[in-house]
Amino acid sequence: MSTTVEVLADAFKAMGTPFIVGHPGGETVELMEAARVRDMRFILMKQETAGAMLASTWGEITGSPGVCVSTRGPGAANMVNGVAHAWMDRCPLIAITDQYPGKTHATGLRQVMDQRQLYSGITKWSTTVYADSVEQQIRRASRVATSPAPGPVHFDLPSSETSSVAATLKSPAPLTPDVDRLSPSEQSIASLQKQIDAAQRPVLLCGLGVLWDQATAALTEFAEKIGAPVLTTSKCKGAIDERHPLRAGCIIGGVIERTLVEQADLIITVGLDAVELQPKAWPYTAPVIAIASAPNLDALVPATTETIGNVASILNVLTDVCQNRSGWGYEAAESFRQSVVNALDVHSDGLSPQRAVEIAREIMPEDTIATCDAGASRLLVVQKWQSYGPREFLTSNGLGSMGFAVPGALAARLAWPTRPIVAFTGDGGFMMALAELQTASRENLPITVVVFDDQEVGLIRVKQELKGLPKHGVGIGHTHWESLAAGFGANAAVADSEHAFADALRACVGSTETNLIVARIDGSGYVQQFNALREL
């Protein structure tokens, strides 16, 4: 007979997640012990938000829900931002909060809050776990978290239930069902084919659904068949190898991509989730057709035809039946890429953030996984860093939260133990996850962190300048990075030139330790770059 926490630990391991992460409370210890005896790792984070972001990113990379925990009350409240990241960035996650037993929760005041209500708006399902129903609850949670669009599930776990004997289901459903994904017939997509064949200048706008359905190879073959340029969201970087001549760049919700998209006579969205786009009205007049695994319910993208099903299967059949043509896409993609280069390569009196990213891509091995924080530098990293395969670029886009890059990199290290991992972050974002540098060192999860140090919250300074306001309240000031890193058991190098930055990066290649590289950048070009690329 298994207890509630034993059922949970067995399920987490069976789902493909061999660790639990977070900052535990007193009621978590039984779950931690159940995990320990099953050779499951517990990774102690310094902040609950970072733990949820790590677990979310594991889920995003692997498809197996990550698992994070917090204590009740303050821990549950502090974990909200990480769970919100999973919600808006479509990451499968099971978030567990400690809770008082029912009678205490009903009568007590100290540290008592309605945690299910707290999480209800940012999860796909929130429930209280009971020994009598945990077998069914964990199966439902696995399916809810991983079904399109993936997202977080919240378990409120009362201390009275953790060690109670769990009821056994006579005929339990599998944790992960074997789903047959049927291919469409040629007849069922005849209307779609006709519209694509009639278009002279189709363009592909691609999002997360391409990754959910493992459709990256099918996407590339389809783009080649119809000769269409490919724009991806930042979450979808690498869905088409960014060295491919049809790869145009990233959708950032800015003015620069309109030059390309407005030339198209047909827009084909593939796996595009509206949460990946800027919250503004659709700016294009060309007809739109959508290919996705789930219907569009928000009406933000005005598709006149939606084809719903497995994205890879749909693209494969379309590739077989659509007309073969060289198309306009190769020249259009090349022209767009050059326009982005011209917009970003502004004059700098020192080490510019765009050159730092270019140097990093030149030096870091081809199979490097990159994570990126929110902030002014994110725009440049998204455009300048090239990813050659799916899930090789990880960022918080739907939520757009600062503090993501470091816990995201730790998740990447867990998923890819031998591949190089680099985290790009501004100094402001890094300060929000600073303590997890110690986690990287202590837990033997070596990563390289590149901090763009301009001693300010650059994005807000840019917005002040664009609105004609004086700089105020955005200064961060000087940090003694070498001492900070040493205190956390990491190596550190500070670079204020391209040569010094390149040398610091080369020293990290092949390293089995956590390294901090601080690039003292000249951010004076941000305003010009933002004006050229994106409306603010």
Check your understanding: Identify, please: which residue in segment 427-452 is buried (at least 24 other Cβ atoms within 10 Å of the Cβ) and in a loop (DSSP other than H, G, I, E, B) and is, among those, modelled with the highest pLDDT?
Key -> Ile447
Check your understanding: With Ile189, Ile196 as the choices, which residue is of a type in the set (A, V, I, L, M, F, W, C), more than 19 Å from Glu6 (Cβ to Cβ) and modelled with pLDDT of 95 or more?
Key -> Ile196
Review point. Does segment 12-31 contain any residue that is crowded, with 21+ Cβ neighbours inside 10 Å, modelled with pLDDT of 95 or more, over 29 Å from Thr395 (Cα atoms) and aliphatic (A, V, I, L, M)?
Key: yes
Practice item. Taking only segment 159-184 into account, find how many residues are touching a residue at least 60 places away in the same chain (Cβ under 8 Å) and either part of a loop (DSSP other than H, G, I, E, B) or crowded, with 17+ Cβ neighbours inside 10 Å (or both). Key: 13
Review point. Quick one: is Leu380 of a type in the set (A, V, I, L, M) and either under 24 Å from Pro245 (Cβ atoms) or at pLDDT below 95 (or both)?
Key: yes
Practice item. Could you please tell me which pairs satisfy a Cβ distance under 7 Å, a separation of 6+ or placement on different chains, a first residue in segment 208-228 that is under 20 Å from Gln193 (Cβ atoms), and a second residue that is part of a loop (DSSP other than H, G, I, E, B) and aromatic (Phe, Trp, Tyr)? Key: Gly227/Trp328
Point to revise | Residue that is assigned by TED's automatic domain parsing to the domain that holds Leu219, assigned to a loop (DSSP other than H, G, I, E, B) and farther than 20 Å from Cys236 by Cβ, where the choices are Thr285, Thr259 | key: Thr285
Exercise for review: At least 3 residues that are modelled with pLDDT under 95 in each: list the helices (runs of 4 or more DSSP H) lying fully within segment 288-374 that qualify.
Suggested key: 329-344, 353-363
Study note, to complete from the structure: Here the qualifying pairs (Cβ atoms under 7 Å; residues six or more apart or on different chains; first in segment 274-296 and without any contact (Cβ under 8 Å) to a residue 24 or more places away in the chain; second among the acidic types (Asp, Glu)) come out as Ala290/Glu306; Pro295/Glu306; Asn296/Glu306
Check your understanding: Out of curiosity, is Phe530 crowded, with 17+ Cβ neighbours inside 10 Å, under 25 Å from the mean Cα position of the chain (by Cα) and not aliphatic (A, V, I, L, M)?
Key -> yes
Review point. What residue, among those in segment 399-426 that are buried (at least 24 other Cβ atoms within 10 Å of the Cβ) and of a type outside the set (A, V, I, L, M, F, W, C), is farthest from the chain's Cα centre (by Cα)?
Key: Gly426
Revision key, fill the gap. Of the residues in segment 477-502, those that are part of a loop (DSSP other than H, G, I, E, B) and of a type outside the set (Val, Ile, Thr) come to Gly477, His478, His480, Phe488, Gly489, Ala490, Asp496, Ser497
Review point. Going through segment 1-46 one residue at a time, which ones are polar (S, T, N, Q) and either free of Cβ contacts under 8 Å to residues at least 60 places away in the same chain or closer than 23 Å to Pro174 by Cα (or both)?
Key: Ser2, Thr3, Thr4, Thr17
Study note, to complete from the structure: When (1) aliphatic (A, V, I, L, M); (2) buried (at least 24 other Cβ atoms within 10 Å of the Cβ); (3) in a helix (DSSP H, G or I) are applied to Ala218, the one that fails is (2)
Check your understanding: Given the conditions (1) in contact (Cβ under 8 Å) with a residue 40 or more places away in the chain; (2) over 16 Å from Trp212 (Cβ atoms), which single one is not true for Ala303?
Key -> (1)
Practice item. Need at least 3 residues that are in contact (Cβ under 8 Å) with a residue 60 or more places away in the chain per element, so show me which helices (runs of 4 or more DSSP H) inside segment 65-123 make the cut, counting only ones lying wholly within it. Key: 80-88
Exercise for review: State whether one or more residues within segment 16-23 are in a helix (DSSP H, G or I) and in contact with a strand residue (DSSP E or B) (Cβ under 6 Å, 6 or more places away or on another chain).
Suggested key: no
**Study point:** Residue list for segment 219-265, filter: of a type in the set (Lys, Arg) and farther than 21 Å from Leu399 by Cα
**Key:** Lys225, Arg243, Arg247, Arg258
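The values are calculated or read from the model by the stated rules, or taken from the named source; none is laboratory data. Keep in mind it's a predicted model, so treat the numbers as computed, not measured. Neighbour counts are summed over all protein chains in view; Cβ atoms, including those assigned to glycine, are modelled from backbone coordinates with ideal geometry.
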